[in-house]
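Chemist: One structure, as structure tokens, below. Some questions next.
The values are calculated or read from the model by the stated rules, or taken from the named source; none is laboratory data. Only a predicted model underlies this, so the values are computations on that prediction, with no experimental measurement involved. Using ideal geometry, Cβ is built from the backbone for each residue, glycine included, and neighbour counts are taken over all protein chains shown.
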Amino acid sequence: MIDKGNVLADKLGASVTPEFYYFDQENVLLYHGALDNDRSGKNVTINYLRDAFDSVLGKRPIKTAKTNAFGCSIKRA
């Protein structure tokens, strides 16, 4: 999906790419942040987004619901 005019990025306050947002079926934000804990992808020890999915599927609270996303800054048009 191309976010022409940065409409969605602006609405969500996104600042980098990739930056992940996980909403439930009622559009409640459940997780926001990085995919995992390693910028390079070589030393991942925590999978934040997958852990959030697994928690919801297992009907458990999400342990880490917000992290700092890292990546390239979004260039606003």
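Chemist: Give the residue, chosen from A9, A52, that is modelled with pLDDT of 95 or more, not in a loop (DSSP other than H, G, I, E, B) and not polar (S, T, N, Q). Full working, then the answer.
Modeler: Details: A9 fails: modelled with pLDDT of 95 or more.
So the residue among A9, A52 that is modelled with pLDDT of 95 or more, not in a loop (DSSP other than H, G, I, E, B) and not polar (S, T, N, Q) is A52.
Chemist: If you don't mind, another one. Looking at A69, is it of a type outside the set (K, R), surrounded by 15 or more Cβ atoms within 10 Å (Cβ to Cβ), within 14 Å of the chain's Cα centre (by Cα) and in a helix (DSSP H, G or I)?
Modeler: No.
Chemist: Additional query: Identify, please: which residue in segment 17-33 is aliphatic (A, V, I, L, M) and under 11 Å from A52 (Cβ atoms) and is, among those, surrounded by the fewest Cβ atoms within 10 Å (Cβ to Cβ)?
Modeler: By that ranking, first place goes to L29.
Chemist: Of all residues being more than 14 Å from N68 (Cβ to Cβ) and out of contact with any Lys or Arg (no Cβ under 8 Å at 6 or more places or on another chain) in segment 34-51, which is surrounded by the most Cβ atoms within 10 Å (Cβ to Cβ)? Just the residue, please. Working first, answer last.
Modeler: To start, the set of residues in segment 34-51 that are more than 14 Å from N68 (Cβ to Cβ) comprises 40-45, 47, 50-51.
Next, from what is left, pick out any that are out of contact with any Lys or Arg (no Cβ under 8 Å at 6 or more places or on another chain): 40-45, 47, 50.
On the way: S40: 6, G41: 8, K42: 6, N43: 9, V44: 13, T45: 7, N47: 15, R50: 11.
Residue satisfying both the conditions and the ranking: N47.
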